[in-house]
Amino acid sequence: MIHGGCASSLRRRLDSNLAMRRAGCHHVRIRARGARSIFSSSARRKLETMSGRDPSARPADHPDRSVRADRTEPDRAAGRRAGRQSRVVGDPSGRRGSRSIRYFLNVMTRSRRTMSSRRGARVVGFCWSLTALTLAGWPLSAPPAHAQVGASIEGVVLDESGGTIANARVEVRNEETGQVRSTISDAAGGYQVLGLGPSEQYEVRVTAERFRPDVRQLNSLTAGERRVQDFRLDVGAVTDRVDVVPERPLARTGTPALGGTLSEAQVEGLPANGRDLISLAYLIPGAAPARGFYNLAPRLTINGSSSLVTNYTVDGFDNTDLFLGGPKVPVTIGSTQNLAVMVNSYSAEYGRTGNGVFAVTTRSGGQRHAGELFYYVRPGTSLDSPNDFAPRDGNGEVIDDSFQRNQVGGAAGGPLAGGTFYFVNGEVTREAQDAILTSPLAVGLAPTSFHNQSLMGKIDRQWSSSQISSFRYLFGDYTHHDDIGLVGGLTLPSAGLQVNYRNNFLTWNHRTLTSSGLNELGVMAGRMRADWRTLDPGPRVIVTDRGATLAVLGGVSDNFFWTETDVQVRNVYSKVAGRHTLKAGGDLVRASFDIRSGPGARGAYTVDLEGRSITPSGAFLSIGDVPRDVRVLAYSQSFVNPVVQTAQNLAAVFVEDAIRVRPDVVLTAGLRWDYDSVTNTPEGDADLDNIAPRIGVAWSPGGDSRHQVRAGFGLFYERIPFAVYSDTIVNNPEGGALSVTFAPDTPFAPPAFPSQLPRDAFENVPIGQLPPRNVQIFHSDLVSPRNQQLSLGYVREVAPGFALSVDYIDNKGSNLVRRIDTNAPSSIPAGRQRSVAAADAMRPMVPAAGGLRLIEQDETTGSSRFHGLYVSARKHFSRSFSFDVAYTLSKIENDTDDINFRPVDSRRPDAELGPSLNDRRQVFALNGQVRLPGEIDLMPILFLSSGQPLNVLTGADDNGDTIFNDRPAGVGRNSERTSGYSQLDLGIVRRFRVGIEARAEIFNLFNTTNYSGFFNFGASGVRPDETGTLAFQPTVAGPPRQFQFAARLTF
């Protein structure tokens, strides 16, 4: 099943199909929704006919899942015929509603399919009409601007006794740009200032007749934020002396949203290895490092969920790779004004995920010309400590791995003529490193490299006091050549890849301000390009010994190339009406994909040495070193790879009302609708009923702004990675790839090792003579994953400048994606062994010449449950120090971890319920600043974590289903744990008066050995010990003590 342009192809380029089957197969519980089919009965009959089987025959123990009461066979047939009228690559787009709505859907999504159901037409008509009105600039009198760029400040003005003050003047000044906005408090003392640009520092001044002025400083106002700041004025003269009071350490908001923000000073000052912005997100409660199903998977998990579902935004625009997940364009530290991570109960304005938003606000130019130049260097082994797995010479001396990283860059910003501001940032990284190989067959070092160039340019233009525009360009180009993420541990250099990503994205947004309203419009357009190149002619070989993986070597497929061309349009209108702050908006995203690769004719072997020893003939083990008579466990190969050219369309609309019920209570009620065209398949109707209500309350008991009670409840719908759709297109039985698994003791045995079949081996062979194929079909009821969130918390200012917060979170996920073999063989107890031939005989459709073996489909029937307690403490900088502390106590269980998750037994997926792959029961993160004499700052980061789950596997295909993911008897999924993790990083910064800054950063100061011990899902960390018992044996250790130095010039 080696093909281009889909997630499974990508996985094989990293670990091979068989390696992933050995290490990444899991479970999802089937969600009961009446008598629901896995695929339509006509499709089943067609597959049975292709398999040469009597459609009426079925093993007695196999459940009949071919009936769906709410969808007749003519409906399904019409849907399939209409689907085939487009292209074999498909076009997932909407197809319900009234005639006008269907026309609008067809125009927006280029759908060619007919409507087979009118269910939900009224809802769709309303939502799409609202979207059209919103994007057209509703209300028409206000030219629009971008949704999440404008922030707001609101609150109540009170006197000494707690009474409200009407007609007080509230003036908000952006200290960076000098821009000023003002308003007058209403009869209830309330005020709100809309349309504020993100800034590191605002000054808010409140004046009223017969009262002394009050002035507050607000820090790190982020895009789309609603900040609450109340004022209590003392009786006095307007001309009295005024002290500027800093904001409280845990700023209050008008919503119950949970998460955290890192200011520009923190982002710039905290030690970050390689200037990696994502690593700083781990300091926020609920966020942690992630483990993914492939080596370059996104590295951020929120609430223990899959890293694929986190949303990424830049200045409110979508920055998520819609193919697999993660950021499209990595934003540099030098371009970042602040970083916000939203983890729970966020506004209806945010969607497409129920598991967190990573939101970056980029820097802008200010009133004065300013800039910086910097140089960072990692000198490597001359100072760094050796890794615990570093190889040693004949005398036992450590062989130092070569490492060198150089980063250079700069930024400049300032005013241009006529209310225009500019900012530009550019950075270049060059890195060379030896990957440490820990394979018992090839201990040593392998050279790798990484190159990166990035650029951001931004222009802000204030046309008038009420019209502001912003233009931004982002460029990224980075190349991994056998990068450390692709080679090392058990993966040898011959299995490496050269990977290049190039991204260009341009955005425009505009804000129009009125006395009581704000309209925001934004447009984004750009392209993400990925180019993966295999460096070895293959085949891929997974070398095992009695269940233990010893090495992965050889290339697995031809070159792989894909592009994602995105266009996003969004609009939001906000209006203040008495006690109400109303907001309504929507957006459309269209991602056009072009996914292609070579025919993928390189095969993939899994072999068993059965206790035999082999010796490399060269620096590293090669395929030629493996005995020709080695036992072959399985061999797979694909011979055709279709090109995928189609689009994913996302749409959303929302409405929200923030009501100041009393001066000390803000109630927020919102409603959001999301649509994802991936749910619109040839076998099923689009999922159009994703209505997500949300409600929250923020209460300051007794009007005391020193504390706040907050609570929220809501529904959140997630996008489905486009790889789910493209995988099915590529592997579809009609026009898809020709993918075959050859197994011993079957009529189609593997070729003699290490031979590969020629790519035209089956070019002219009649279909009735082909080996049994592995295919993938569309699920008839694919829906958007859903997350139900509940939170309750309390914030308290314990002392001036010091605050604590405690929050409880309950998240319940449903409709999660997992992969099921609908032609799975009958179940056998764990611990028993069965040959592939014996298992084939127990499949509903027995594999035969011209037939099928695996008939897989991605279903949205998985589930998860998260319980968490977040504790935060923050102290503002005073008395020469400040700190942030984040502690998370949590537990998450699920029955699927990612889009390629397979259960051990597709007949009994419920048996897979267990800890999430990213379940860390306790996480503690501390960062701070200590000012020493002589303008020296110490910036520490302490990260502590309990161990992560380890999935113990036998390393063999015990049940004969050709998927190597079986567990020993009595062992549950992810039932073991790695050891805990601890690391202290320290940054030392010395500033000189001439604008020069010198920096030394030490990572893992105490040189703690942190065994990660897993390879993908952890299977390779579990090996038989001397007695043959499965035991945890570490194969990988985290970085040892490392040094980084920098010089920075500001001007």
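With the requirement that a residue be within 30 Å of ALA604 (Cα to Cα) and either surrounded by fewer than 16 Cβ atoms within 10 Å (Cβ to Cβ) or modelled with pLDDT of 90 or more (or both), what does the stretch 511-532 give you?
MET528, ARG529, ALA530, ASP531
Could you tell me whether the stretch 848-857 includes any residue that is within 17 Å of THR822 (Cβ to Cβ), β-branched (Val, Ile, Thr) and buried (at least 22 other Cβ atoms within 10 Å of the Cβ)?
Yes.
Which residue out of ARG628, ARG590, ARG612, ARG579 is buried (at least 19 other Cβ atoms within 10 Å of the Cβ) and of a type outside the set (Phe, Trp, Tyr)?
Testing whether each residue is buried (at least 19 other Cβ atoms within 10 Å of the Cβ) and of a type outside the set (Phe, Trp, Tyr) leaves just ARG590.
Under 9 Å between Cβ atoms, at least 6 apart or on separate chains: pull out the pairs that start in the stretch 196-219 with a residue that is touching a residue at least 40 places away in the same chain (Cβ under 8 Å) and over 12 Å from ALA168 (Cβ atoms) and end on any residue that is among the β-branched types (Val, Ile, Thr) and not in a strand (DSSP E or B).
GLY197/VAL149; GLY197/THR177; PRO198/VAL149; PRO198/THR222; SER199/THR177
Any residue in the stretch 535-555 that is over 17 Å from SER622 (Cβ atoms) sitting within a Cβ distance under 9 Å of a residue that is among the charged types (D, E, K, R) and assigned to a loop (DSSP other than H, G, I, E, B)? List the pairs, counting only those 6 or more apart or interchain.
ASP545/GLU610; ASP545/ARG612; ARG546/GLU610
Per-residue answers, yes or no, for (1) free of Cβ contacts under 8 Å to residues at least 60 places away in the same chain; (2) closer than 18 Å to GLY274 by Cβ; (3) crowded, with 19+ Cβ neighbours inside 10 Å:
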| site | (1), (2), (3) |
| --- | --- |
| THR420 | yes, no, no |
| SER449 | yes, yes, no |
| SER470 | no, no, yes |
| ALA495 | no, no, yes |
| GLN498 | yes, no, no |
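Being at pLDDT 95 or above, farther than 23 Å from ASN959 by Cβ and in a loop (DSSP other than H, G, I, E, B) is the requirement here; does LEU1005 meet it?
yes
For the stretch 355-425, please list each of the strands (runs of 3 or more DSSP E) lying entirely inside it that holds at least 3 residues being closer than 30 Å to PRO785 by Cβ. Talk me through it step by step, then tell me what you get.
On the way: elements: 357-362, 370-378, 403-416.
By residue number, 357-362.
Can you confirm whether ARG210 is crowded, with 18+ Cβ neighbours inside 10 Å, over 23 Å from ALA359 (Cα atoms) and outside the structural domain of ILE468 (by TED's automatic domain parsing)?
Taking the combined requirement at face value, the residue does not satisfy it.
Give ILE988, ILE892, ILE941 a once-over and let me know the one that is assigned by TED's automatic domain parsing to the domain that holds VAL783 and surrounded by fewer than 19 Cβ atoms within 10 Å (Cβ to Cβ). Break it down stepwise before answering.
On the way: ILE892 fails: surrounded by fewer than 19 Cβ atoms within 10 Å (Cβ to Cβ); ILE941 fails: surrounded by fewer than 19 Cβ atoms within 10 Å (Cβ to Cβ).
From the options ILE988, ILE892, ILE941, the qualifying one is ILE988.
If THR861 passes every condition in (1) of a type outside the set (A, V, I, L, M); (2) over 29 Å from GLY260 (Cβ atoms); (3) outside any strand (DSSP E or B) but one, which one does it miss?
(3)
Can you tell which of SER872, SER882, SER835 is farther than 30 Å from LEU944 by Cβ, hydroxyl-bearing (Ser, Thr, Tyr) and out of contact with any helix residue (DSSP H, G or I) (no Cβ under 8 Å at 6 or more places or on another chain)? Please lay out each step first, then the result.
Details: SER872 fails: farther than 30 Å from LEU944 by Cβ; SER882 fails: farther than 30 Å from LEU944 by Cβ.
Matching residue, one of SER872, SER882, SER835: SER835.
Per-residue answers, yes or no, for (1) of a type in the set (Val, Ile, Thr); (2) in contact (Cβ under 8 Å) with a residue 40 or more places away in the chain; (3) buried (at least 16 other Cβ atoms within 10 Å of the Cβ):
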{"position": "SER726", "(1), (2), (3)": "no, yes, yes"}
{"position": "THR741", "(1), (2), (3)": "yes, yes, yes"}
{"position": "ALA749", "(1), (2), (3)": "no, no, no"}
{"position": "ARG759", "(1), (2), (3)": "no, yes, yes"}
{"position": "ILE767", "(1), (2), (3)": "yes, yes, no"}
{"position": "ILE777", "(1), (2), (3)": "yes, yes, yes"}
{"position": "ASN787", "(1), (2), (3)": "no, yes, yes"}
{"position": "SER814", "(1), (2), (3)": "no, yes, yes"}
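The rows are residues; the columns are (1) part of a strand (DSSP E or B); (2) of a type in the set (Gly, Ala, Ser).
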site	(1), (2)
ASN641	no, no
LEU667	yes, no
GLY670	yes, yes
GLN708	yes, no
PRO721	no, no
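Can you list the strands (runs of 3 or more DSSP E) lying wholly within the stretch 480-556 that have 1 or more residues being of a type in the set (A, V, I, L, M, F, W, C) and in contact with an Asp or Glu (Cβ under 8 Å, 6 or more places away or on another chain)? Lay out the reasoning, then the answer.
Numbers: elements: 497-513, 517-534, 540-545, 548-553.
Qualifying strands (runs of 3 or more DSSP E): 497-513, 517-534, 548-553.
Does GLY696 satisfy being in contact (Cβ under 8 Å) with a residue 24 or more places away in the chain and either buried (at least 24 other Cβ atoms within 10 Å of the Cβ) or in a strand (DSSP E or B) (or both)?
Spelling it out, GLY696 is indeed in contact (Cβ under 8 Å) with a residue 24 or more places away in the chain and either buried (at least 24 other Cβ atoms within 10 Å of the Cβ) or in a strand (DSSP E or B) (or both).
Among the residues of the stretch 554-577, write down those that are farther than 25 Å from LEU324 by Cα and either modelled with pLDDT of 90 or more or not hydrophobic (A, V, I, L, M, F, W, C) (or both).
Those that are farther than 25 Å from LEU324 by Cα and either modelled with pLDDT of 90 or more or not hydrophobic (A, V, I, L, M, F, W, C) (or both): ASN571, VAL572, TYR573, SER574, LYS575.
From the list ALA830, ALA848, which residue is assigned to a loop (DSSP other than H, G, I, E, B), closer than 27 Å to SER306 by Cβ, over 25 Å from the mean Cα position of the chain (by Cα) and touching a residue at least 24 places away in the same chain (Cβ under 8 Å)?
Exactly one of ALA830, ALA848 is assigned to a loop (DSSP other than H, G, I, E, B), closer than 27 Å to SER306 by Cβ, over 25 Å from the mean Cα position of the chain (by Cα) and touching a residue at least 24 places away in the same chain (Cβ under 8 Å), namely ALA830.
The values are calculated or read from the model by the stated rules, or taken from the named source; none is laboratory data. Here the structure is a predicted model, which means the values were calculated and not measured. For neighbour counting, all protein chains shown are included, and Cβ atoms are generated from backbone atoms with ideal geometry for every residue, glycine included.
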